[in-house]
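Asks: Take this structure first; my questions come after.
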Amino acid sequence: EWRAAQLRGLLRMAAEAEAEVCRALHADLSKPHTESYVHEIALVKSSCKFSLKNLKKWMKPQKVPASLMTFPSTARVTAEPLGVVLVISAWNYPFLLSIDPIIGAIAAGNAVVLKPSEVAPATSSLLAELLPQYVDSSSIKVVEGGVAETTALLEQKWDKIFYTGNGKIGRIVMASAAKHLTPVVLELGGKCPVVVDSNIDLHVTAKRIAAGKWGCNNGQACISPDFIVTTKSFAPKLLEALEKVLEKFYGKDPLRSSDLSRIVNSNHFNRLKMLMDDETVSDKIVFGGQRDEHQLKIAPTIFMDVPFDSGIMKEEIFGPLLPIITVDKIHESFALINSMTKPLAAYLFTKDSKLQEQYETGISAGGMLVNDTAVHLANQYLPFGGVGESGMGAYHGRFSFEAFSHKKAVLVRGFAGEAAARYPPYSPAKLKILRGVLKGNLGAMIQAILGFPRGK
């Protein structure tokens, strides 16, 4: 009842505070109202409703077969809360990435401390104000602050730490957790590839790539397409389609578009500016490139054939820059992607079922999506998480419940069914019976249950 009450409170908060959340997201990122609602508020609502609908089923102990070795007995797996958990959220989706893990933690029955990102101060402040109004503030708390506060929190002993952010801080979180043997979920990122075959619907492909890249917080998303791989012969057609779509989405002067989020702060603006101005790639810009430091805005920018060892290909871009890498044959993209660290998401556009199968089996990624970008995270039945350097652990739907639960094994026996052969003093006769039991020999089992060999 307590868990359901908290989830209903979060659902009510998402509905009643929509305008306030949208204002905070606009203050932090100039995020368009549509993106704020569809990508953050609506996903929180969906997650709450899904958990409320399935909570009793998730909590119910799962019966499992009992082994012959323990006959007669019953066996079950019971999910129990881990205890008190710490959630450290990210700035790019500061409402969703704060509340969504909390939904899983509450569903599993834990107490929670949330540390929102100080890089999104308006949303952090709003969460500190709103949460106590809608949930049990004795068990769900918000701690605001920066590096000092986060460091102090990490020094405490937690039953689990859930961190969303980059790999550099992820390593710090994991090292701190190791001092107390605290398990962690790390939702990180990586360079998410998009492989584009030539047999696709070009206009739809361009729209879906643009929506996943620039329509997701102007590229400031962990699942945002980070680079495209396509063939040399097809690249000009894809570029032309992207140019048309981007002009339709954001106009001839995208810096003036209210539908394009700004870069979160001057540090990230300068980081992206350095990537753009790198002498090895600055002459590779084939579309966009406009920037306004005062507004912290950078237009959608496309590069063609940047050097593979350039800065823009070595680190996660996390912004509106999109390199296109060309190969002679589309299958050459596999080796290229596999030469890099494993991404959080990998995308493929094709009508070739054989290529799709090869991509699915040949590329390791946290998640995979064919013929679209980003929308896989909206499916509550799919786990969302990374692999390798893109993270560890997963959540969403039942996976959130399990991320914050301990699966406890419970075996129940009565006092009948004593097997003398299991107890000392041991003898060759007892060992013979035990060998038979372990092999599943019916006669040996009957002998063991009847208490043979007697008196030995």
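The values are calculated or read from the model by the stated rules, or taken from the named source; none is laboratory data. Because the structure is a prediction, the values reported are computed rather than measured. As a convention, Cβ positions derive from the backbone with ideal geometry for all residues, glycine included, and neighbour counts pool all protein chains shown. Keep in mind that these areas ignore ligands, DNA and RNA; they rest on the heavy atoms of the full protein, side chains included. Shrake-Rupley method; radii C 1.70, N 1.55, O 1.52, S 1.80 Å.
Asks: Pick out, in residue order, every one of the GluC sites (Glu not before Pro) in the stretch 213-297 that is DSSP loop and has at most 10 other C-beta atoms within 10 Å; say none if there are none.
Replies: Here the sparse-neighbourhood loop sites are E279.
Asks: Do you know the relative contact order of the stretch 334-456, to the nearest whole percent, from alpha carbon pairs under 8 angstrom that are 6+ apart? Provide the component values of the computation, followed by the final result.
Replies: Values: 157 pairs, mean separation 21.4, N = 123.
Normalised by residue count, the contact order of the stretch 334-456 is 17 percent.
Asks: Once you have the alpha carbon radius of gyration of the stretch 290-437, what is it after dividing by 2.2 N^0.38 Å, with N set to its residue count?
Replies: Ratio of Cα Rg to 2.2 N^0.38 Å: 1.81.
Asks: In the stretch 74-129, if every C-alpha pair distance is counted and binned at 10 Å from zero, what percent goes to each bin?
Replies: Here the calculated profile for the stretch 74-129 is 25, 43, 21, 7, 4, 0.
Asks: If you take every residue apart from K407 with its C-beta less than 12 Å away from the C-beta of K407, what net charge results, scoring Lys and Arg +1 and Asp and Glu -1?
Replies: Values: positive: R76, K408; negative: E80, E402.
Counting the neighbours of K407, the net charge comes to 0.
Asks: Output ³J(HN,Hα) for the stretch 317-326: one whole-Hz value per residue in order, computed from phi by the Karplus curve 6.51 cos²θ - 1.76 cosθ + 1.60 with θ = phi - 60°, and x for Gly and Pro.
Replies: With coefficients 6.51, -1.76 and 1.60, one gets 6, 6, x, x, 9, 9, x, 10, 9, 10 Hz.
Asks: Using DSSP to define loop residues, name the trypsin sites (Lys or Arg not before Pro) in the stretch 147-232 whose beta-carbon has at most 16 other beta-carbon atoms within 10 Å.
Replies: Counting only loop positions with at most 16 other Cβ atoms within 10 Å, the trypsin sites (Lys or Arg not before Pro) in the stretch 147-232 are K157, K179, K232.
Asks: Under 5 Å between amide hydrogens, which residues at least 5 positions from D226 or on another chain qualify, with H placed 1.01 Å from N in the peptide plane?
Replies: Here the answer is C192, V194, since their amide H atoms fall under 5 Å of that of D226.
Asks: On to the next question. Which whole-number percentage describes the relative contact order of the chain, with Cα contacts under 8 Å and a sequence gap of 6 or more?
Replies: 18 percent.
Asks: Please compute, over every Cα-Cα pair in the stretch 193-384, the percentage with a separation greater than 24 angstrom.
Replies: Everything past 24 Å amounts to 34 percent.
Asks: How large, in percent, is the carbon and sulfur part of the accessible surface of the chain at a probe radius of 1.4 Å?
Replies: Carbon-and-sulfur percentage of accessible area, whole number: 57.
Asks: Determine the distance separating the Cα centre of the stretch 242-299 from the Cα centre of the stretch 167-191; give it in Å without decimals.
Replies: About 31 Å separates the Cα centre of the stretch 242-299 from the one of the stretch 167-191.
Asks: Please state the relative contact order of the stretch 193-384 as a whole percent: Cα pairs under 8 Å, 6+ residues apart?
Replies: Once normalised by length, the contact order is 28 percent.
Asks: Which whole-Hz ³J(HN,Hα) couplings does the stretch 37-47 yield from phi under the Karplus relation 6.51 cos²θ - 1.76 cosθ + 1.60, θ = phi - 60°, glycine and proline marked x?
Replies: 6, 5, 8, 10, 5, 5, 5, 5, 4, 4, 5
Asks: Beyond 27 Å between alpha-carbons counts as too far, so tell me which of K252/K273; K31/K157; K45/K244; K45/K115; K31/K329; K297/K342 fall in that bin.
Replies: Violating the 27 Å Cα-Cα cut-off are K31/K157; K45/K244; K31/K329; K297/K342.
Asks: Angle, helix 428-439 long axis vs. longest principal axis of the chain, Cα atoms, 0 to 90°, nearest 10?
Replies: For helix 428-439, the angle is close to 40 degrees.
Asks: Let me ask something else. GluC sites (Glu not before Pro), restricted to the stretch 118-193: which are DSSP loop and have at most 11 other Cβ atoms within 10 Å? Provide the component values of the computation, followed by the final result.
Replies: Values: sites: E118, E129, E144, E149, E155, E187; in loops: E118, E144, E155.
Loop-located and lightly packed - E155.
Asks: Relative to the longest principal axis of the C-alpha atoms of the chain, give the angle of the C-alpha long axis of helix 167-178, reported between 0 and 90° and rounded to the nearest 10°.
Replies: Long axis of 167-178 versus the principal axis of the chain: about 20 degrees.
Asks: Above 43 Å lies some portion of the pair distances; for the chain, what is it as a whole percent of all C-alpha pairs?
Replies: I get 27 percent for the Cα pairs in the chain exceeding 43 Å.
Asks: Moving on. Whole number in Å², please: accessible area per residue of the stretch 193-384, 1.4 Å probe, ligands, DNA and RNA not counted. Please report the intermediate quantities before stating the final value.
Replies: Values: 8270 Å² over 192 residues.
Accessible surface, normalised per residue, equals 43 Å².
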